[in-house]
Amino acid sequence: MVVAVLAGDGVGPEVIGEAVRVLKALQRHGVHVELIEAPIGGVANDRFGDPLPQSTLDLALSADAVLFGAVGGPQFAHVPRGKRPGDGLLRLRKSLGLYANIRPSRIFPELIGVSTLKPEMVRDLDLVVIRELIGDVLFGEPRYVGKTEQGLRIGVNTMIYREDEIERIARFAFQMAQTRRNKVCSIDKANVLETSELWREVVSEVGRCYPQVELSHMYVDDAAMALVRRPTQFDVIVTGNLFGDILSDEAVMLTGSMGVLPSASLGAEKAALYEPVHGASNAIAGKNQANPLGAILSAAMMLRQSLNLAESSERIEKSVRKVLAAGLRTPDIAEPGCQHVVSTTEMGMAVAEAL
């Protein structure tokens, strides 16, 4: 089994390095995975003039899974569109056909005090945001910055969805709900957007094929409020690319830190991509302060979802819980008075040793 390791920019190399450490520690338990590294993002553009070099894309297309860190940073702000770090990631998602992004938001009991919400509001938090990943305004055409006939500058993006794209992600969400608590909440803005009118119609049609799953609809502004008012009402949330980009970050922060949670981007045929949800976090890049648990748990999700190594995945997850129970904390999850604040490297080593 081959895993493409694309660490990228910012804290990506630091946290992915610890995930790799944990995967290599599994080798003494008979787990053999070939890890092949390749550049992506700003570092790739600096070296090869392309944020997604052909060699990196070829590796990802041939691999059994992709373990990804992060891309981007203020040092790349001057790079023209098409060459920016995020452009490489978008092309990778499109090339792999990764239409479904899965972001679970579940709080660790050991970290319940880290959430900015009251403990009773998040104690039973266990939801999943399913975000359609390769449609919507992020990919719609035309898109450009130009000028009107009067010489005024304008920016144009196109929000567009086909019914087959909506149906595909809706079925994915309903099928996931069947493995959980049989509830789907579809998020849109159907009161003002024609795209969302179609979204709601198609999701409702698909929902009739899953009578055992309770379907509800919510406008995106209401959903943003409900996530911080009573987040435990949600089971599976399904939404489009733009709204999902925003709401999935909000849902993750209910746990108190973006550093501890994994995510997966899945397609129909090619390799899935696994990544921590926190992004490049350039402010702490190179300081050995980033939380590697999101990357480590992304590797665990990869073992279960793509490599059929559920036992090894569970071993990693239990090791993370063991380390947290022992009181080890990176700065982002350290409550006042914490006696065991550790570095990125120390946290990764502790999880590897706990295996």
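Considering the dipole of the chain built from charges on the beta carbon (Lys and Arg +1, Asp and Glu -1) around the Cα centre, which of 298, 248, 331 is farthest to its positive end?
331
Pull up all non-local amide H partners of residue 237: gap of 5 or more, or a different chain, and H-to-H distance under 5 Å with H placed in the peptide plane.
Result for residue 237 returns 128, 129, 130, 185.
Out of residues 5 or more away from residue 182 or on other chains, whose amide H comes under 5 Å of its own, with H placed 1.01 Å from N in the peptide plane?
Those qualifying (amide H under 5 Å, at least 5 residues apart or on another chain) number zero.
In Å and whole numbers, how far do the C-alpha atoms of the chain stretch along each principal axis, longest first?
60, 49, 40
Report D for region 126-253 in µm² per second (integer): Stokes-Einstein, Kirkwood Rh on Cα pairs, 4 °C, 1.567 mPa s.
D, rounded to a whole number, is 85 µm²/s.
Name the residues whose placed amide hydrogens come within less than 5 Å of the amide hydrogen of residue 100, ignoring near sequence neighbours (fewer than 5 apart) on the same chain.
Hits under the 5 Å cutoff: 133, 266.
Setting aside same-chain residues fewer than 8 positions from residue 322, which lysines have a Cα under 24 Å from its Cα?
The reachable lysines, counting only those whose Cα sits under 24 Å from residue 322, are 24.
Note down the net charge around residue 313, summing +1 for each Lys or Arg and -1 for each Asp or Glu among other residues with Cβ under 14 Å from its Cβ.
Working: positive: 304, 315, 318, 321; negative: 311, 314, 317.
Charge balance near residue 313 sits at +1.
Cut-off is 10 Å between beta-carbons; in what order do 245, 164, 87, 221 appear when sorted fewest neighbours first?
164, 221, 245, 87
Taking the alpha-carbon distance from residue 147 and a cut-off under 29 Å, which lysines remain once sequence neighbours fewer than 8 residues away in the same chain are dropped?
Output for residue 147: 83, 189.
With θ set to phi - 60°, apply the Karplus curve 6.51 cos²θ - 1.76 cosθ + 1.60 along region 139-151 and write out the HN-Hα couplings as whole Hz, x wherever there is a Gly or Pro.
Whole-Hz 3J(HN,Hα) from phi for region 139-151: 10, x, 10, x, 8, 5, 10, x, 9, 7, 4, 8, x.
With a 10 Å radius around each residue's Cβ, average the other Cβ atoms per peptide and rank 136-142, 55-61, 65-71, highest first. Let's see the in-between values first.
Numbers: 136-142: 15.7, 55-61: 17.7, 65-71: 27.7.
Answer by packing, highest mean first, reads 65-71, 55-61, 136-142.
Roughly speaking, what is the centre-to-centre gap between region 118-141 and region 28-44 when only Cα atoms are used, to the nearest Å?
27
Once each part is reduced to its C-alpha centroid, what is the distance from region 285-352 to region 69-111 in angstrom?
One Cα centre to the other: 21 Å.
³J(HN,Hα) across region 168-182 via Karplus (A = 6.51, B = -1.76, C = 1.60, θ = phi - 60°), whole Hz, x for Gly/Pro?
4, 6, 5, 4, 4, 5, 5, 5, 5, 4, 5, 8, 10, 10, 6
Of 205, 165, 18, 120, how do they rank once you tally other Cβ atoms within 10 Å and put the fewest first?
120, 205, 165, 18
With a sphere of radius 14 Å drawn around the Cβ of residue 333, what net charge do the other residues whose Cβ falls strictly inside it have (Lys, Arg +1; Asp, Glu -1)?
Its environment carries a net charge of -2.
If we sort 190-198, 148-156, 102-110, 250-258 on the protection proxy, mean other Cβ atoms within 10 Å, highest first, what's the order?
Sorting 190-198, 148-156, 102-110, 250-258 by mean packing, highest first, produces 250-258, 102-110, 190-198, 148-156.
Can you tell which of 133, 293, 96 shows the greatest fluctuation in a Gaussian network model of the chain with Cα springs below 10 Å?
Most flexible of the set in this elastic network: 96.
In whole angstrom, how far apart do the alpha carbon centroids of region 149-187 and region 213-261 sit?
After rounding, the separation between the Cα centres reads 14 Å.
Could you list 32, 217 so that the one with the fewest beta carbons within 10 Å of its beta carbon is first and the one with the most is last? Show your work: numbers first, answer last.
Working: 32 7, 217 18.
With the sparsest Cβ surroundings first, the list reads 32, 217.
Across region 120-129, in residue order, what do the Karplus-derived ³J(HN,Hα) couplings come to in whole Hz, using 6.51 cos²θ - 1.76 cosθ + 1.60 with θ = phi - 60° and x for Gly and Pro?
5, 7, 10, 4, 9, 4, 6, 10, 10, 9
Looking at the chain, what % of its DSSP beta bridges pair antiparallel, to the nearest 5? Can you show the working numbers first?
Working: 19 of 46 bridges.
Percent antiparallel among DSSP bridges in the chain is about 40.
Computed from the coordinates by the stated procedures, all read-outs in this text should not be read as laboratory data. Note that the coordinates shown come from a computational prediction; the quantities given were computed from them, not determined experimentally. So basically every Cβ, Gly included, is an ideal-geometry build from the backbone, and we count neighbours across all protein chains shown.
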